[in-house]
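Below is one structure, written out as structure tokens; the observations come after it.
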């Protein structure tokens with residue numbers, strides 16, 4: 001049974017519309033979380049709002065929102081004033097355009113949602129929009145209001161339903177030139193690039209999320225189980241970073257050699273097993289021949 005819908009409204013494509021429901025496609029519920037506790041009593045701690053200058057605890061009726069104009073100087077914004085600029089939700093996903101999927105910069109992708117038809121009445125219209133999108137091989141760009149903010153959402157077919165991903169606005173992305181401009185121009189030989197290409201080919205695979213393993217999450221769960229069971233926790237030795245400088249070409253050659261050796265190893269061991277099997281199979285025949293000769 002599906003959980004409670006996060007949002008309900010209408011998906012609209014020109015004059016075609018259908019009632020839909022939105023569900024968050026990702027969750028962090030399964031992640032291990034910790035609470036702050038009192039070490040002496042074992043009780044959970046509660047946070048309080050403290051005045052940064054006086055150190056006094058501020059009660060609820062004295063709390064307000066403020067925007068920092070200059071360092072330490074704030075302009076207070078009342079709740080009514082904030083509500084005046086909030087966008088009223090129309091509960092409609094309005095599709096504006098369809099764009100090629102490969103034109104969407106992955107840095108803009110934010111939160112994914114599953115979109116499903118709400119009831120039988122709109123199932124046919126939902127299927128028409130979904131299947132038309134499958135044939136066009138394009139992604140719909142739509143507008144939706146969530147938590148009083150308007151978002152741009154990229155919508156595409158996924159199985160029998162749709163998946164909509166809210167997109168970040170350009171002002172939310174950092175300019176890559178601030179980080180990439182200082183990267184020096186390196187002198188790389190053609191041989192180095194070819195060796196790296198061979199390493200890449202040896203690691204070629206298909207995208208399979210089922211193989212992803214959160215080793216840190218596994219370690220946290222194991223830590224909690226051991227502590228709860230009263231078992232000692234063994235602290236790992238601190239790993240020291242090597243300080244020797246390795247030739248890039250030598251590192252590439254060693255990497256390729258290691259990959260090729262790993263690829264040959266299973267076959268080699270299999271060959272050794274087959275040789276051993278043949279030898280063991282021949283021993284009874286020689287023993288039987290010696291027995292007949294002695295008789």
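The values are calculated or read from the model by the stated rules, or taken from the named source; none is laboratory data. A quick note: this is a predicted structure, and the numbers were derived from the prediction, not measured. Neighbour counts run over all protein chains shown; Cβ positions are idealised from the backbone, glycine included.
Of note:
- Of residues in segment 202-213 being over 20 Å from the mean Cα position of the chain (by Cα) and loosely packed, with under 10 Cβ neighbours inside 10 Å, the one modelled with the lowest pLDDT: 203
- With respect to the conditions (1) under 13 Å from residue 93 (Cα atoms); (2) at pLDDT 95 or above, residue 144 lacks only one, and its number is (2).
- Of the strands (runs of 3 or more DSSP E) lying entirely inside segment 73-170, those containing at least 3 residues that are assigned by TED's automatic domain parsing to the domain that holds residue 13 and either over 26 Å from residue 27 (Cα atoms) or in contact with a helix residue (DSSP H, G or I) (Cβ under 9 Å, 6 or more places away or on another chain) (or both) span 92-100, 109-117, 138-146, 149-158, 161-167.
- Among the residues of segment 144-201, the one identified as at positive phi and surrounded by 10 or more Cβ atoms within 10 Å (Cβ to Cβ) is 148.
- Hits in segment 55-76 (condition: touching a residue at least 12 places away in the same chain (Cβ under 8 Å) and surrounded by 10 or more Cβ atoms within 10 Å (Cβ to Cβ)): 64, 65
- All positions within segment 37-48 that are touching a strand residue (DSSP E or B) at 6+ places or on another chain (Cβ under 7 Å) and at pLDDT 90 or above: 37, 43, 44, 45
- Given (1) farther than 30 Å from residue 113 by Cβ; (2) surrounded by 10 or more Cβ atoms within 10 Å (Cβ to Cβ), number of the condition residue 52 does not satisfy: (2)
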